[in-house]
Amino acid sequence: MYLLPKPQEIKINKEEKPFSLKYDTAIIIEDSCPEQTFDYGKILQEEIRRAAGLSLLIRKGEGREREIVLSAREGMKEEEYTLEIKNEGILVQGGSYKGILYGVQTLRQIFRQEGGVLSALYIHDYPEFPVRGYYHDVTRGRVPKLSWLKRLADTMSFYKLNQLQLYIEHTYLFRDFSEMWRDDTPLTAEDILELDSYCRNLGIDLVPSLSSFGHLYKLLRTKQYRHLGEMPEIADEPFGLAARLQHHTINPTLDESFELVKKMILEYMSLFSSGYFNICADETFDLGKGACKQAADEKGVDRLYMDFVKKLCELVVSKGKTPMFWGDIICGFPKLINELPKETICLNWGYAWNQSEDSTRKIAETGAVQYVCPGVSGWNQYMNRLDYSYQNISRMCSYGVKYKAAGVLNTDWGDYGHINHPSLSIPGMIYGAAFSWNKSEISYEEINREISLIQYGDTSEKFTGIVAELAQKTVFDWWTMVVLLEYENKEIGRKTEEQKAEAARNDREIDKLVEELGRCSRFLASDCRGELLPVYLGAEAISIFNKIGLAVSGEGYEAQELLELARRLEKWFWHYRRLWYTVSRESELRQVGDVIFKYCDILRDMAGKMK
């Protein structure tokens with residue numbers, strides 16, 4: 001039996017008779033339970049219908065023999081629960097509505113694997129980290145539909161995650177900033193309010209996260225506010241997926257800058273029930289290099305940074321909220337972190353597969369509160385690099401345990417247009433859930449087998465492993481293809497001869513893996529087979545762009561081959577666009593399409609010169 005996250009304590013009693021569902025078995029909600037428990041009973045009811053074909057009644061009151069009983073228990077911590085399965089019945093007890101919910105989610109995983117006859121066992125479970133979060137970029141590339149965000153929350157709850165943050169720069173419909181979002185498809189106040197309520201019922205804290213210092217690309221390109229940028233002269237430069245990540249820091253020496261950001265923070269903050277607010281304040285690359293260079297020369301860039309972040313944090317605290325900020329800049333002068341309000345949380349990110357513990361140690365030595373923040377390794381990839389993600393997340397979670405971090409916030413960034421389909425990030429999200437709940441090691445191969453069965457109903461237990469292996473066939477990734485197109489220095493992103501040879505070899509291996517995926521499809525649960533299309537399209541993108549990368553690097557292709565490659569890419573994009581609209585709003589699909597069509601044009605130009 002597989003359970004994710006792995007419980008802290010599990011005892012399977014092979015000597016006792018199993019519990020067998022009957023048509024008249026009932027789900028009982030004891031009077032001690034909080035009101036949310038009825039919803040959890042409904043979730044369990046639906047799982048049992050799917051797993052065992054029985055539609056059980058939900059009742060309230062005292063449990064009897066042969067029933068499934070949900071109960072609150074005094075003396076347990078908020079997220080602690082016990083699950084006991086005996087021949088006589090099933091008992092889920094939790095310290096609060098969250099504990100009951102987590103017990104139900106574990107029981108759902110057991111039903112998925114054992115159907116209507118469940119092994120006798122006892123589980124006592126609780127989390128390693130009090131905060132286990134997921135951070136999703138809804139700005140650079142994709143703005144998800146509300147329906148998809150709710151499905152994301154459902155999946156998070158299933159794996160006992162309890163915090164969700166959505167990364168916002170300009171993709172919220174601010175009342176007085178229409179110039180900033182006018183060409184986008186932003187989330188609305190109603191979207192946020194509805195999602196906040198939905199998440200809260202699932203034990204998930206929806207935390208507002210808003211760029212307030214760096215990464216203000218769209219704001220600082222407007223006619224009305226460009227004068228507030230550190231480098232206002234670049235506001236009229238053409239849009240670039242790469243260029244927008246390099247600049248666009250607000251000038252912190254201007255009172256108008258603070259008042260503008262304050263107005264945005266207060267409007268956005270009002271939508272959330274959370275007690276936290278993430279001001280971001282990361283990657284202020286151009287601070288002190290433009291409009292406030294003189295001030296930086298006099299005071300120091302570190303001083304400019306800290307003074308503005310401190311004002312923002314104090315604003316958040318004045319509204320009764322706990323501030324958060326990304327820790328990449330503060331790691332350059334970590335001792336200054338103690339100038340911030342004592343409750344401030346530093347979000348310590350690091351995404352390398354071999355990430356060191358240095359930043360976690362530095363922040364811990366200051367005494368500051370920190371979350372460790374790994375990532376799902378999907379940015380700039382057609383398919384998430386699950387091998388990188390697993391190593392990064394397991395390392396960062398271990399550093400969090402070692403240095404007593406207050407939480408884990410696993411990140412899913414969009415960067416250059418969020419080319420990868422968001423469902424491909426789910427295994428990485430589950431890695432984060434597993435290692436933030438229980439510090440016990442699970443091997444890469446083992447957890448992929450477990451995810452295949454639990455998440456996708458794959459009785460062959462191969463699906464996630466195939467997906468992971470396909471992603472590793474990427475040589476000319478999306479980042480490479482974008483920078484080759486946008487940067488004047490064409491050497492950026494070039495590949496070595498060895499990498500080019502690898503790209504040529506990988507095509508045959510991709511075909512074999514796609515064939516294996518097709519054979520695996522019959523083992524997936526019928527309602528999970530929709531997850532195959534993003535994988536097929538991701539594999540096709542890897543194959544196409546490996547070929548295009550070789551072509552634009554000067555490898556020998558005939559004119560007809562180049563023309564066929566252009567047509568293949570255009571056909572791929574037609575299917576990709578259809579899939580995009582199933583989960584995402586229009587958002588930046590056009591910008592992604594611009595890159596695609598430019599490569600189609602390049603291929604045809606190359607073919608034309610051969611005639």
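The values are calculated or read from the model by the stated rules, or taken from the named source; none is laboratory data. As the structure is a prediction and not an experimental result, all values here were calculated from the model. Counting neighbours? That spans all protein chains shown, and the Cβs are built from the backbone with ideal geometry, glycine included. What goes into the accessible areas is simple: the full protein's heavy atoms, side chains included, and nothing from ligands, DNA or RNA. Shrake-Rupley method; radii C 1.70, N 1.55, O 1.52, S 1.80 Å.
Structural remarks
- Counting only protein chain heavy atoms and rolling a 1.4 Å probe, the accessible areas of Glu259, Glu233, Glu179 rank, largest first, as Glu233, Glu259, Glu179.
- Only lysine pairs 8 or more places apart or on separate chains count here, and in region 300-407 those with Cα atoms under 27 Å apart total 25.
- Accessible surface, the chain, averaged per residue in Å² (probe 1.4 Å): 40
- Amide H within-cut-off set for Leu409, under 5 Å, with H built and near neighbours excluded: Gly133, Val372, Cys373
- Residues whose placed amide H lies under 5 Å from that of Gln472, excluding near-sequence neighbours: none
- From the C-alpha gyration tensor of region 252-316, square roots of 5λ in Å: 25, 12, 10
- Estimated 222 nm signal from helices in the chain, with DSSP H stretches of n ≥ 4 weighted -39500 (n - 2.57), rounded to 500: -14000 deg cm²/dmol
- Close Lys-Lys pairs in region 1-140, where close means Cα under 15 Å and separation is 8 or more or interchain: 6
- Ordering Ser96, Ala364, Tyr456 by the projection of their Cα atoms onto the charge dipole of the chain, which places +1 on the Cβ of Lys and Arg and -1 on the Cβ of Asp and Glu, puts Tyr456 at the extreme positive end.
- The angle separating the long axis of helix 37-52 from the principal Cα axis of greatest extent in the chain is about 80 degrees.
- Shape category assigned to region 72-190 from the gyration tensor of Cα positions, a/c cut at 1.5: prolate
- Under 28 Å from the Cα of Lys473 - lysines, other chains or at least 8 residues apart: Lys462, Lys490, Lys495, Lys500, Lys512, Lys547, Lys571, Lys598
- For region 112-201, chymotrypsin sites (Phe, Trp or Tyr not before Pro) are listed when DSSP marks them as loop and at most 11 other Cβ atoms sit within 10 Å of their Cβ; the list is empty.
- Within the accessible area of the chain (1.4 Å probe), percent carbon and sulfur: 48
- Assuming charge only on the beta carbon of Lys and Arg (+1) and of Asp and Glu (-1), the dipole of the chain about its Cα centre is about 620 debye to the nearest 20.
- Sequence-ordered 3J(HN,Hα) estimates for region 268-276 from the Karplus curve with 6.51, -1.76 and 1.60 and θ = phi - 60° stand at 6, 4, 5, 7, 10, 8, 5, x, 10 Hz, glycine and proline given as x.
- Net dipole in debye of region 8-59 [+1 Lys, Arg Cβ; -1 Asp, Glu Cβ; about Cα centre; nearest 20]: 320
- Answer label for percent of Cα pairs over 30 Å apart (calculated), chosen among [x] 59; [y] 66; [z] 56: [z]
- Phi angles across region 215-232 convert, under the Karplus curve 6.51 cos²θ - 1.76 cosθ + 1.60 with θ = phi - 60°, into 3J(HN,Hα) values of 6, 10, 4, 5, 4, 8, 9, 6, 4, 6, 10, 4, 5, 8, x, 4, 10, x Hz, Gly and Pro given as x.
- For region 522-611, applying the loop criterion from DSSP together with a ceiling of 11 other beta carbons within 10 Å to the GluC sites (Glu not before Pro) yields Glu558.
- Rounded to the nearest 20, the size of the Cβ-charge dipole of region 212-358 about its Cα centre is 420 debye, with Lys and Arg at +1 and Asp and Glu at -1.
- Amide H contacts under 5 Å for Leu164: Tyr134, Asp205, Leu206, Val207, restricted to partners 5 or more places along the chain or on a different chain, H placed in the peptide plane at 1.01 Å from N.
- Rounded to 10°, Cα long-axis angle of helix 97-114 versus longest principal axis of the chain: 80
- Calculated Rg and Dmax of region 374-506 using C-alpha coordinates, Å: 16.5, 50
- Share antiparallel - DSSP beta bridges, region 200-350, percent rounded to 5: 10
- Share, in percent, of DSSP beta bridges within the chain that are antiparallel, nearest 5: 30
- Beta-bridge orientation, region 110-222: approximately 0 percent antiparallel, per DSSP, counting only bridges with both partners inside.
- Region 401-469 and region 352-390 have their alpha-carbon centroids 14 Å apart.
- Cleavage-rule hits, trypsin sites (Lys or Arg not before Pro), region 129-232, DSSP coil, Cβ neighbours within 10 Å at most 11: Arg175, Arg182, Lys223
- Solvent-accessible surface of protein heavy atoms, probed at 1.4 angstrom with all chains present, puts Val301, Val595 in the order Val301, Val595, largest first.
- Our coupling estimate for region 531-537, obtained by passing each phi through the Karplus curve with A = 6.51, B = -1.76, C = 1.60 and θ = phi - 60°, is 6, 6, 4, x, 6, 4, 5 Hz, Gly and Pro reported as x.
- Ranking Asn87, Cys199, Tyr40 by how far each Cα lies toward the positive end of the dipole of the chain (charges on Cβ) leaves Asn87 at the top.
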